[in-house]
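The values are calculated or read from the model by the stated rules, or taken from the named source; none is laboratory data. Predicted model, so just to flag it, every value in this text is computed and none were measured. Cβ sites come from the backbone with ideal geometry, for glycine too, and all protein chains shown count toward neighbours.
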């Protein structure tokens, strides 16, 4: 009877938490002017790319599917449901315009405490020549740009059906000799309902400080009277740069196994996503598994997103377990970007 009472109380806490989060964010986002999409009004856009070939192949509908290490990105509560002692994984993608995108993560399940995890996200732009009006073919210098996010977090199963998770992140972006930095927090919940084990997941990503560009490139010498022969000359001055929010994202997801027997599993998922710098959209995906070893996936990304180039996704994977103690997994994901062609994701990892 005591266990039933505890489970009943946890259900009430979950429902109240989701309700409070939904009300708060609906109120906040309702104040935004949705007559425009607000594209280009936030910094650290690399935080919106996504992680994990499995998730990408399922159209990014991963808030409720989150039952592996890539839940760290979509819903940090999901990593608490992993029964392995730990997982380590690395994800790479040749992003648009020859940009390189990488995501790596590690998680450790500490008995009686919960799951501790670490993640690092990196985006880098290849070096380019500095071209000016006088030197259109380059003046001998080169410039580049990069983005980095380092996170550390914690997740725990509060009951056998309900988990919570948090991740604190340090974010930095740089271009040539200038940079901007900030801190952010991700929060997630994961609940397995009594209805056919339907999973409800909710998360808030990138809730944090504003970012402002600083550095040598915004400094310049100024002549107040525009006359080198009089008055002060070469006064050190700086351009004033604005402060920009991070791309705050609220996700609410559902996932359920439509077919589940000894060898075959078919999982469907759908996410409703509410960003602070664009219109709302839907992600959806399916995963077909054979013996939880071979996987085929398909999805559709950014449905209803205004002026989106994204759409169909698909991919597959292999999860080979050596006994009960060690497993290796490899996943591939392909995402259509319309006129921008496509992006392909590959990840590899181990469970132990």
Given (1) without any contact (Cβ under 8 Å) to a residue 60 or more places away in the chain; (2) closer than 16 Å to residue 253 by Cβ, number of the condition residue 310 does not satisfy: (2)
Among the candidates 224, 232, 247, 194, residue that is within 27 Å of residue 120 (Cα to Cα) and either outside any strand (DSSP E or B) or without any contact (Cβ under 8 Å) to a residue 40 or more places away in the chain (or both): 247
Single match in 202, 163 (criterion: in the same structural domain as residue 68 (by TED's automatic domain parsing) and either under 17 Å from the mean Cα position of the chain (by Cα) or not in a strand (DSSP E or B) (or both)): 202
Residue tally, condition more than 20 Å from the chain's Cα centre (by Cα) and surrounded by 16 or more Cβ atoms within 10 Å (Cβ to Cβ), over region 166-188: 3
Test: residue in region 35-58 that is modelled with pLDDT under 50 and surrounded by fewer than 24 Cβ atoms within 10 Å (Cβ to Cβ): yes
Residues being in contact (Cβ under 8 Å) with a residue 60 or more places away in the chain and either surrounded by fewer than 19 Cβ atoms within 10 Å (Cβ to Cβ) or within 11 Å of residue 317 (Cα to Cα) (or both) - total across region 287-299: 4
Unique match (being more than 18 Å from the chain's Cα centre (by Cα) and under 20 Å from residue 202 (Cα atoms)) among 257, 291: 257
Residue in region 226-243 that is in contact with a helix residue (DSSP H, G or I) (Cβ under 9 Å, 6 or more places away or on another chain) and either assigned by TED's automatic domain parsing to the domain that holds residue 312 or surrounded by 12 or more Cβ atoms within 10 Å (Cβ to Cβ) (or both) present: yes
